[in-house]
Amino acid sequence: MFSELKFPVPWGHVAAKAWGPSEGYPVLCLHGWLDNANTFDKLIPLLPRDCYYVAMDFSGHGLSSHRPAGSLYHFLDYVSDVRRVAAALQWRRFTLMGHSMGGCVAGMFCFLYPEMVDKLILLENLGFLLGPEDTEAWLKSKRMVIDKLLSLEAKQQTPKARSPEAALQRLLEANRHLTAEGGAILLQRGATETPAGLVYNRDMRVHMQSRESFTVEQCVKLLQKIQDRVLIIIAQDGLLVPHNLDSTNHFVKALWEAFESTLKQHIQLVEVPGSHFVHLNEPKVVSGIISNFLTAQNSRARL
């Protein structure tokens with residue numbers, strides 16, 4: 001059983017769903033890009049029952065309000081969503097669990113507010129969004145974000161309505177890692193039924209979010225700050241295992257090397273069978289690992 005939550009924000013509300021006793025150990029769960037809080041529907045019922053799990057929808061996703069007209073979705077906006085929700089819940093210290101982009105948000109929040117994060121769980125994520133390594137490529141990416149926003153505003157397109165079957169098929173075509181069951185679960189929160197059919201809830205502007213980028217050296221330095229409190233789960237058929245990486249993806253490869261040489265003894269990194277959505281498709285593969293991490297005592301003093 002779960003309950004629905006709404007947290008007022010200046011542009012509307014941030015929606016969330018919660019499981020467990022409200023007085024339990026707090027765990028905030030963050031979904032991936034274009035997904036929503038339902039991504040944790042299969043996993044959370046398998047985790048320790050004495051925790052209070054809150055899975056939020058980022059702005060522009062799921063049942064949360066879209067940001068004001070004319071706005072871009074900057075990556076730090078998602079981090080501020082987390083800070084607002086934590087404040088509304090009056091949580092001073094809690095665990096963060098993030099999948100994919102949600103892991104990047106969790107990582108950034110942890111680096112900015114280390115005193116608030118007890119443990120960090122990253123699912124199919126290394127804690128960072130990947131930024132262009134070349135200066136010209138970085139400039140081009142920023143220009144593209146602005147140009148795409150203006151183009152979208154000029155078109156003023158109404159959201160396309162689809163039959164339930166077509167909406168699910170489109171979602172599965174866009175993400176080969178989703179099963180039909182997982183896609184249907186995400187659609188329950190990710191689309192609204194209208195007389196014309198299902199309309200995706202997500203804000204089209206989230207396709208052109210402005211990202212934060214780091215050097216590998218910065219990544220290592222930040223991860224060292226929170227060592228012994230981090231669990232990273234990588235799926236063997238996911239997006240981040242070395243043998244699946246594109247030959248041009250030097251950033252992730254260099255970060256993997258850093259894990260092997262510098263961070264391995266301080267950060268728990270586990271490879272499991274499955275795809276990018278292993279927590280949704282096959283939650284039993286990861287639930288035991290996460291449960292053990294949640295219940296274990298930290299190996300060093302709390303900050």
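Listed values, structure above:
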quantity: Those residues of the stretch 23-49 which are acidic (Asp, Glu) and closer than 13 Å to Ile185 by Cα, in sequence order; calculated: Asp35, Asp41
quantity: Any chance Arg170 is under 30 Å from Val216 (Cα atoms), of a type in the set (Lys, Arg) and out of contact with any Leu (no Cβ under 8 Å at 6 or more places or on another chain); calculated: no
quantity: Asp57 being of a type in the set (D, E, K, R) and in contact with a strand residue (DSSP E or B) (Cβ under 8 Å, 6 or more places away or on another chain); calculated: yes
quantity: Arg67 touching a helix residue (DSSP H, G or I) at 6+ places or on another chain (Cβ under 8 Å), in contact (Cβ under 8 Å) with a residue 60 or more places away in the chain and of a type in the set (Lys, Arg); calculated: yes
quantity: Per-region count, the stretch 1-41, residues of a type in the set (Asp, Glu) and within 24 Å of Arg205 (Cβ to Cβ); calculated: 1
quantity: Residue tally, condition open to solvent by 10 Å² or more (accessible area, probe 1.4 Å) and modelled with pLDDT of 95 or more, over the stretch 254-273; calculated: 1
quantity: Wholly enclosed strands (runs of 3 or more DSSP E) of the stretch 187-253 bearing at least 2 residues modelled with pLDDT of 75 or more, out of contact with any Cys (no Cβ under 7 Å at 6 or more places or on another chain) and surrounded by 15 or more Cβ atoms within 10 Å (Cβ to Cβ); calculated: 197-200, 230-235
quantity: Every residue from the stretch 34-67 that is closer than 23 Å to Lys284 by Cα and hydrophobic (A, V, I, L, M, F, W, C); calculated: Ala37, Phe40, Leu43, Ile44, Leu46, Leu47, Cys51, Val54, Ala55, Met56
quantity: Candidate set from the stretch 96-152 (those that are in contact (Cβ under 8 Å) with a residue 40 or more places away in the chain and aromatic (Phe, Trp, Tyr)); member that is farthest from Met208 (Cα to Cα); calculated: Phe111
quantity: Positions within the stretch 130-179 being open to solvent by less than 90 Å² (accessible area, probe 1.4 Å), more than 30 Å from Thr192 (Cβ to Cβ) and part of a loop (DSSP other than H, G, I, E, B), in sequence order; calculated: Leu130, Gly131, Pro132, Asp134
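The values are calculated or read from the model by the stated rules, or taken from the named source; none is laboratory data. Predicted model only: the values in this text are computed from it and were never measured. No Cβ is skipped: glycine too gets one built from the backbone with ideal geometry, and neighbour counts run over all protein chains shown. When the accessible area is computed, the model is the full protein with side chains, heavy atoms only, and any ligands, DNA or RNA have been set aside. Shrake-Rupley method; radii C 1.70, N 1.55, O 1.52, S 1.80 Å.
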